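The values are calculated or read from the model by the stated rules, or taken from the named source; none is laboratory data. Given the structure is predicted, the values throughout are model-derived calculations rather than measurements. Cβ placement follows ideal geometry from the backbone for every residue including glycine, while neighbour counts extend to all protein chains displayed.
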C-alpha cells in the first residue's frame, strides 16, 4: 500500500471519529510530520511512511524536538496501525 493511501485512510477514519486533522507544513522547516490530529485537548502528530520505511535523520531530529515538548509524534506505515492509534484515544 502506498504512503498516500495509508495517510488518506487513516485521516478519513480519524475524521469519522471526530478528530480535527490538518496537513502540517512549515515552509521554513523541512522534515516536519505530515499531519496534526486534535480532539478533546489531545494533540499528536503522525509521520506517514510506506510499509517498512523509516524516517530520515532530519525527520527523526524534528520528531525528537517535538517530543521534547511533550507532544507525541508517531510513525505509521500501515492503516491497521493508524486505526489502532486513533482508537487508543477513545474514552
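Quick check on the stretch 53-78: of everything there that is without any contact (Cβ under 8 Å) to a residue 60 or more places away in the chain and under 19 Å from residue 8 (Cβ atoms), which residue is surrounded by the fewest Cβ atoms within 10 Å (Cβ to Cβ)? Write out each step before concluding.
If we filter the stretch 53-78 for residues that are without any contact (Cβ under 8 Å) to a residue 60 or more places away in the chain, which is where we start, we get 53-75.
Retained after the next criterion (residues that are under 19 Å from residue 8 (Cβ atoms)): 53, 74-75.
Values: 53: 11, 74: 17, 75: 18.
This residue is 53.
Here is a yes/no grid of residues against (1) in contact with a strand residue (DSSP E or B) (Cβ under 8 Å, 6 or more places away or on another chain); (2) outside any loop (DSSP other than H, G, I, E, B); (3) surrounded by 17 or more Cβ atoms within 10 Å (Cβ to Cβ):
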| site | (1), (2), (3) |
| --- | --- |
| 12 | no, yes, no |
| 22 | yes, yes, no |
| 28 | no, no, no |
| 82 | yes, yes, yes |
| 89 | yes, no, no |
| query | Does residue 50 fit the bill of being at pLDDT 95 or above and either assigned to a helix (DSSP H, G or I) or on the phi > 0 side of the Ramachandran plot (or both)? | reply | no
| Residue count, the stretch 30-43 (criterion: touching a strand residue (DSSP E or B) at 6+ places or on another chain (Cβ under 6 Å) and either without any contact (Cβ under 8 Å) to a residue 40 or more places away in the chain or part of a helix (DSSP H, G or I) (or both)) | 4
